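A.B. asks: Structure incoming, see below.
The values are calculated or read from the model by the stated rules, or taken from the named source; none is laboratory data. What you see is a predicted model; the values in this text were computed from it and never measured. All Cβ positions, glycine included, derive from the backbone under ideal geometry; neighbour counts span all protein chains shown. Note: areas computed on protein heavy atoms with side chains; ligands, DNA, RNA excluded. Shrake-Rupley method; radii C 1.70, N 1.55, O 1.52, S 1.80 Å.
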Amino acid sequence: MTWQGVNSALLAMTVRLKNGGQLQRHCIQTMKRALSLLALIAAGSAALAAPAPSGNLIVNGSFESTVLKPGSWAQVSTLPGWTWLAGPGTGFEVRNNVAGKAQDGQNYIELDTNGNTTIGQYLDSLNAGAGYALSFWYAPREFQPASTNGIQVFWNGVQLGDTLTGLGGSGNLWSQHQYRVTAQAGRNLLSFASVGTSDSVGGALDNVSLNRVPEPGSLALTLAALGGLWLLPRALRRQAQSRRAAALASTLPRG
């Protein structure tokens, strides 16, 4: 319900009040006080909510920073945003719509370069204890068996979910994978490792993103404020009925 909707509802309620100017004025004053309280609750919820960074927090999540000719690939020693962590493979293998199309943009990477590799991205500005939504897309190498296509994903060294693998078909058969992770104090590390046969062909990765999850506390306060708006008309009707009953009782003769 918007504040404009609340004001319209108040106007309609005022028109329906037909039991004297004093009662009408009292109800309007009560409604104004209640709305002021709800406005304070809404303002408080916004103030209590920690500022959430907007947009994807992963740098170069779709690997587009490396410029390649369409239909080509290259093994590079550095990749903006990403760090080579372990071998035996070396560097980063970036592909521009070759042996299958990218899921996002033109580029994607294959983790088994000249051997299995582990790559990662360090994140130094996350809020300790806050929740984040991780998403990425995986595809097995085309026409290759599941035994060579395995990759694993880790958050601060802890594996998320099961090993991803599959039999490769024609082109890249992309599938999205999503996890919720919690930031630790200080530096955090997201990493991906190829774990199939180390033979220079393996699973592909693209469109990696990490986004802040809204604070549950601020959502609860907002819902409480909306709930108060929903219940307000009923409470006012009960108050009006009580006053009418008291006024009627005062006119009856006493025995």
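A.B. asks: If we keep just the residues of the stretch 161-173 that are assigned to a loop (DSSP other than H, G, I, E, B) and open to solvent by less than 50 Å² (accessible area, probe 1.4 Å), which is nearest to E215 (Cα to Cα)?
C.D. replies: Taking the candidates together, the pick is G161.
A.B. asks: Sticking with this structure for a sec: Scan (1) at pLDDT 95 or above; (2) exposed (fewer than 15 other Cβ atoms within 10 Å of the Cβ) for the single condition F192 breaks and write down its number.
C.D. replies: (2)
A.B. asks: Limited to the stretch 89-131, what total is found for residues that are of a type in the set (V, I, T), open to solvent by less than 50 Å² (accessible area, probe 1.4 Å) and either more than 20 Å from N207 (Cβ to Cβ) or free of Cβ contacts under 8 Å to residues at least 60 places away in the same chain (or both)?
C.D. replies: Taking the stretch 89-131 as the starting set, the residues that turn out to be of a type in the set (V, I, T) are 90, 94, 98, 109, 113, 117-119.
Filter once more, keeping what is open to solvent by less than 50 Å² (accessible area, probe 1.4 Å): 94, 98, 109, 113, 117-119.
Checking which are either more than 20 Å from N207 (Cβ to Cβ) or free of Cβ contacts under 8 Å to residues at least 60 places away in the same chain (or both) leaves us with 94, 98.
Looking only at that region, the number is 2.
A.B. asks: Next question, about the same structure. Can you name the residue in the stretch 69-88 that is of a type in the set (A, V, I, L, M, F, W, C) and open to solvent by 70 Å² or more (accessible area, probe 1.4 Å) and, of all such residues, is nearest to S194 (Cα to Cα)?
C.D. replies: The selected residue is W84.
A.B. asks: Q239 - would you say it is among the polar types (S, T, N, Q), at pLDDT 95 or above and either crowded, with 19+ Cβ neighbours inside 10 Å or not in a loop (DSSP other than H, G, I, E, B) (or both)?
C.D. replies: No: the conditions fail for Q239.
A.B. asks: Exactly one of (1) open to solvent by 40 Å² or more (accessible area, probe 1.4 Å); (2) at pLDDT below 95; (3) within 24 Å of the chain's Cα centre (by Cα) is unmet by L231. Its number?
C.D. replies: For L231, the exception is condition (3).
A.B. asks: Considering only residues that are open to solvent by 50 Å² or more (accessible area, probe 1.4 Å) and in a strand (DSSP E or B), which ones fall in the stretch 174-189?
C.D. replies: If the condition is that a residue be open to solvent by 50 Å² or more (accessible area, probe 1.4 Å) and in a strand (DSSP E or B), then Q176, Q178, Y179, R180, T182 are the ones that fit.
A.B. asks: Considering each residue of the stretch 44-75, count those that are at pLDDT 95 or above and out of contact with any Ser or Thr (no Cβ under 6 Å at 6 or more places or on another chain), and give that number.
C.D. replies: First, the residues of the stretch 44-75 that are at pLDDT 95 or above: 56-75.
Those still in the list that are out of contact with any Ser or Thr (no Cβ under 6 Å at 6 or more places or on another chain) too: 57, 59-60, 62-74.
Residues in the stretch 44-75 being at pLDDT 95 or above and out of contact with any Ser or Thr (no Cβ under 6 Å at 6 or more places or on another chain): 16 in total.
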